[in-house]
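Engineer: Attaching a single structure in structure tokens format; questions to follow.
The values are calculated or read from the model by the stated rules, or taken from the named source; none is laboratory data. If you're wondering where the values come from, they're calculated on a predicted model, not measured in any experiment. Every residue, glycine among them, receives a Cβ derived from its backbone with ideal geometry; neighbour counts consider all protein chains shown. Heavy atoms of the whole protein, side chains included, go into the accessibility calculation; ligands, DNA and RNA do not. Shrake-Rupley method; radii C 1.70, N 1.55, O 1.52, S 1.80 Å.
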Amino acid sequence: CHTFIKTSTVSDLSHYIIPLKSIVSYNTTYDYELEESFFSAFVAEDGIIRGGNVKASIDVKKLNYSFELSIKLNGFVSVLCDRCLDVMEIQIDEDSVLVVKFGETYTEVDEELVIVPEKEGVFNIAWYLYESLVLILPLQRIHQDGGCNKEMEKNLQKYSTDITVVNEKIDPRWE
């Protein structure tokens, strides 16, 4: 079974609900195209990812007492450069596995295991996809050499403190 979903409305994350209880096939695939409407739902949360275009493919394998979700993310996300604050793109190519089990209440046991209420029997994967994208990002997000905003680079040089000037007056107790 194969399902393709393209989000169309802002902050409507119901498209990302995977109906685990009603899956009858042992292998089901859900394909999502994560675009501006997806990312805009999370801008108020942390604002790290400003946009992008990521194809997400989730292969759901039904096991005896759980579901194994093999997740492939491929595309790019837009973030702000830490140096010049202009928007830049970061390429994404990531594979991960998430195990989902039924239980009493929703619990994120760790980054690879989630328990969802058996009464509901569904798992909304939207937050997990967004969180995975954020965790893939490098800690320092800067343009490659020469890619930063030239005007901002001039301002940085103009207003940055020269370390050698500061270090000339060393407290005598530390000498």
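Engineer: Quick check on Leu139: is it under 17 Å from Leu80 (Cα atoms), under 17 Å from the mean Cα position of the chain (by Cα) and open to solvent by 60 Å² or more (accessible area, probe 1.4 Å)?
Structural biologist: yes
Engineer: If you don't mind, there's one more thing I want to ask. Could you count how many residues in segment 46-61 are open to solvent by 10 Å² or more (accessible area, probe 1.4 Å), touching a helix residue (DSSP H, G or I) at 6+ places or on another chain (Cβ under 8 Å) and within 24 Å of Leu113 (Cα to Cα)?
Structural biologist: The qualifying residues number 1.
Engineer: Glu111 fails exactly one of the following numbered conditions: (1) open to solvent by 40 Å² or more (accessible area, probe 1.4 Å); (2) out of contact with any Cys (no Cβ under 7 Å at 6 or more places or on another chain); (3) at pLDDT 90 or above. What is the number of that condition?
Structural biologist: Evaluating Glu111 over (1) open to solvent by 40 Å² or more (accessible area, probe 1.4 Å); (2) out of contact with any Cys (no Cβ under 7 Å at 6 or more places or on another chain); (3) at pLDDT 90 or above leaves (3) as the failure.
Engineer: Same structure, new question: Hey, could you check segment 62-99 for residues that are open to solvent by 30 Å² or more (accessible area, probe 1.4 Å) and among the β-branched types (Val, Ile, Thr) and say which is nearest to the chain's Cα centre (by Cα)?
Structural biologist: So, considering only residues that are open to solvent by 30 Å² or more (accessible area, probe 1.4 Å) and among the β-branched types (Val, Ile, Thr), the one nearest to the chain's Cα centre (by Cα) is Val97.
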